[in-house]
1. Using every pair of alpha-carbon atoms in segment A:48-99, split the distances into 10 Å bins beginning at 0 and state the percent of pairs per bin, rounded to integers.
2. Check A:Leu222: other-chain or 5+ apart residues with amide H under 5 Å from its amide H, H built from backbone geometry?
3. If you average over every viewing direction, what projected area does the convex hull of the Cα atoms of segment B:1-61 give, in nm²?
4. Using the 2.2 N^0.38 Å rule of thumb for compact globular proteins, work out how segment B:4-250 stacks up: its C-alpha Rg over that value, please.
5. When we measure straight from the Cα of A:Lys89, which lysines land under 27 angstrom away, once same-chain ones fewer than 8 places off are left out?
6. Treating only the Cα positions of segment B:1-146 as identical point scatterers, give the base-10 log of I(q)/I(0) from the Debye formula at each q in 0.16 Å⁻¹.
7. Within the set of other residues whose C-beta is less than 12 Å from the C-beta of A:Val162, count the net charge using Lys and Arg as +1 and Asp and Glu as -1.
8. Could you quote the convex hull projected area for segment A:21-162, Cα atoms only and averaged over all directions, in nm²?
Amino acid sequence: MNADVRAMKTPTEQALSAAFVAARGKLPGNGAVLALREQAFREFDTRGLPHRRVEEWKYTDLRALMRDLYPLASPPDVAARVRANSAGKLLGGVEIRRIVFVDGSFVSELSDLTPEPGLSIGTMAEALAKGDPSVAAHVGQTFATDDVAVALNTALMGDGAVIRISGGAALNRPINLVFMTGSDKPSSAFMRSLVVVEKGGKATIIESHESGDAQVNAAVELVVGDEAQVNYIKITQARAVHVATLLATVGARAQFNSFDFTADSSIVRNQKFIRFAGEGTKASICGVALLRGKDHVDTTLLIEHSAGHCESREQFKAVLDDQSHSVFQGKIVVKQHAQKTDAKMMTRALLLSDESEADNKPELEIFADDVVCGHGATAGALDPSLKFYLMSRGISEKESEADNKPELEIFADDVVCGHGATAGALDPGLKFYLMSRGISEKESEALLIEAFIDETIEQVAHEGIRDALKFAALKWLGTRD
Amino acid sequence: MAFLEVKNLHVEVEDKKILNGLTLSVEKGQVAAIMGPNGSGKSTLAYVLAGKDNYKVTEGDVLLNGQSILQMAPDERAAKGVFLAFQYPVEVPGVATMTFLRTALNAQRKARGEPELSTPDFMKLVRAAASHLGISQEMLRRAVNVGFSGGEKKRNEILQMAILQPRLAVLDETDSGLDIDALKIVAEGVNRLRSPERSTIVITHYQRLLEFIVPDVVHVLAKGKVVKSGGKELALELEAKGYAQFQGEAA
């Protein structure tokens with residue numbers, strides 16, 4: 001056996017084990033919930049924090065990045081609640097329903113619980129404590145994964161939102177789940193939410209994180225029913241360490257759009273496990289990350305086409321300044337029988353500094369409908385239209401400081417799959433053109449960066465949210481040195 | 001003193017010598033044509049005047065109104081009145097034409113200590129200039145040069161020139177890729193901007209453009225220097241005899 005299979009526990013791992021043992025009796029839920037926690041904890045205890053020898057965590061070594069564990073957050077006191085008054089300010093101008101969690105606990109006085117037909121809002125802590133069967137049916141069931149960060153979340157999950165949109169209901173307003181730190185001391189929080197949109201339901205859900213010096217592990221389970229239309233937006237402005245997981249299963253003939261906006265963050269891991277479980281669904285999964293200083297943003301996707309005739313488009317962009325580091329790992333898996341799948345994945349990194357680094361690793365795993373096909377077919381050529389699709393705004397093709405490792409395995413005919421990854425600096429020809437008209441270097445760069453970002457932000461369907469995100473991106477650009 | 005004085009200019013690009021002691025003066029209000037064979041350094045001169053990176057000046061100077069511009073960034077030169085109409089205007093996806101024009105104009109006005117133009121005044125200015133050049137509102141709504149034909153891109157360059165009102169306009173092979181109708185529109189646009197306050201350099205391979213934009217002087221460039229200067233009749237002579245006669249002289 002390899003000596004490094006289970007290295008000695010780090011102080012953080014020991015602290016996490018101790019925290020679980022200490023909190024076990026106080027965490028919400030008994031019986032089945034407790035059994036779920038115990039099982040998840042054993043998973044963590046056996047494997048420890050994810051580290052660089054775990055392929056999926058290669059670029060974000062939590063064992064090295066989490067030198068210590070911050071104390072588990074306590075419910076917010078008055079001072080913390082006051083500090084949390086600014087919750088959700090990025091979308092301040094948007095007509096929206098806010099559900100606010102401070103230091104991992106639901107705060108009703110900051111939340112909008114106005115009744116709306118077809119919408120039910122609850123909290124995870126309450127649902128777990130009561131053993132609510134409609135919640136228990138989903139928790140830990142949406143997308144099975146052996147990911148240790150998810151296991152840790154399951155072991156220690158405290159509060160979170162439970163949102164249900166009943167069949168055919170269309171929400172009047174987007175729902176904004178706001179998770180923020182109010183404490184002025186370092187703290188850690190494990191949050192778990194569940195969003196169920198039943199058949200034909202229509203909803204826009206925004207998960208916002210605004211954290212100070214906090215170690216956050218947040219997971220959301222999302223069930224998108226047949227024919228439902230769901231826009232899921234995640235806004236992350238998180239200092240310290242932020243690990244977020246989306247576990248989603250999407251039904252047939254649905255429309256699912258996911259968008260990530262990450263800025264002003266220190267260490268972020270955004271991982272998404274998304275399964276297309278019914279035929280005829282269209283999805284777009286996009287994101288923009290803005291990094292500077294020593295920011296580290298890791299986007300890791302596992303997109304599973306389990307049913308045929310679905311279309312998915314992934315488009316992720318990062319803008320990197322200073323010594324920042326972005327990671328994109330995107331894996332598309334097309335299961336047997338998922339014929340006529342049309343999946344395209346694209347990632348681009350814009351490097352503003354020679355010291356910034358972008359690692360891009362798109363992967364495709366496509367299995368034929370039968371063994372014969374799998375044997376007979378060879379890797380298909382990339383769709384020629386993809387080349388056009390990959391051409392992006394204002395970016396030269398010059399590769400620099402980037403680690404691009406596309407992996408491609410195709411064993412099927414009836415699928416259109418492709419991916420592309422590039423990283424490069426701003427096109428000097430475009431910059432010169434703008435400057436030759438009298439526009440300063442800084443402003444020329446800002447115009448080109450804005451164009452690069454906007455192309456992806458334009459994927460956000462809701463106008464008010466889209467504008468707020470564009471404004472936030474401009475603000476970030478405006479504070480560039 | 002001439003408005004533009006290029007003095008004994010030596011320029012290298014990626015360790016290759018392109019300009020070899022080029023000396024040239026352009027008077028205020030003058031239209032100077034620069035002709036020459038491929039590789040004679042015409043476009044290099046245009047880029048060096050506009051301040052493109054990677055053009056290394058090893059000797060000589062460029063004075064604009066008596067002031068050296070070689071240390072200035074492209075935007076500073078633009079604010080001083082230098083304008084280059086590109087041979088190959090680039091597409092700038094995601095940057096709206098109107099935003100681009102307004103940002104450029106206001107940046108130049110600001111650099112010169114002039115107030116920004118109000119939105120209605122700006123719109124009026126653009127509409128008037130665009131209509132002369134046959135540029136539609138629909139084109140103005142698009143991103144800079146994106147989806148424009150070759151002729152539309154060239155017209156867009158002249159539109160920018162009309163709006164920015166430079167003191168030194170350098171037209172780099174503005175005739176290339178244009179059919180005769182487009183050539184006339186572009187030439188009329190340039191002629192409309194002829195002014196005693198503006199110096200213009202028209203770089204071209206062919207005499208044809210000079211039938212429409214009649215130059216005051218013609219300079220022949222070969223192997224990185226001016227080998228002959230004369231009146232507009234020099235262009236006709238070149239058309240008849242070709243450039244071969246000068247290829248040896250500069251060697």
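1. Answer for segment A:48-99: a P(r) of 19, 24, 22, 32, 3 percent.
2. Counting only residues 5 or more places away or on other chains, the set is A:Val195, A:Leu247, A:Ala248, A:Thr249.
3. On the way: hull surface 16.9 nm².
Answer in nm², one decimal: 4.2.
4. Values: Rg = 17.8 Å, N = 247, 2.2 N^0.38 = 17.9 Å.
Taking the Cα Rg and dividing by 2.2 N^0.38 Å, one obtains 1.00.
5. Of all the lysines, those that pass the test against A:Lys89 - Cα under 27 Å, at least 8 places apart if same chain - are A:Lys185, A:Lys202, A:Lys234, A:Lys272, A:Lys294, A:Lys317, A:Lys470, A:Lys475.
6. After summing over all Cα pairs, the log10 values are -1.03.
7. Numbers: positive: A:Lys130, A:Arg164, A:Arg192; negative: A:Glu126, A:Asp132, A:Asp159, A:Glu221.
Once positives and negatives cancel, what remains is -1.
8. 11.0
No value in this document is a laboratory result; all are computed from the given coordinates. Every value quoted in this text rests on a predicted model; they were computed, and no experiment measured them. Virtual Cβ from ideal backbone geometry, glycine too; neighbours counted across all protein chains shown.
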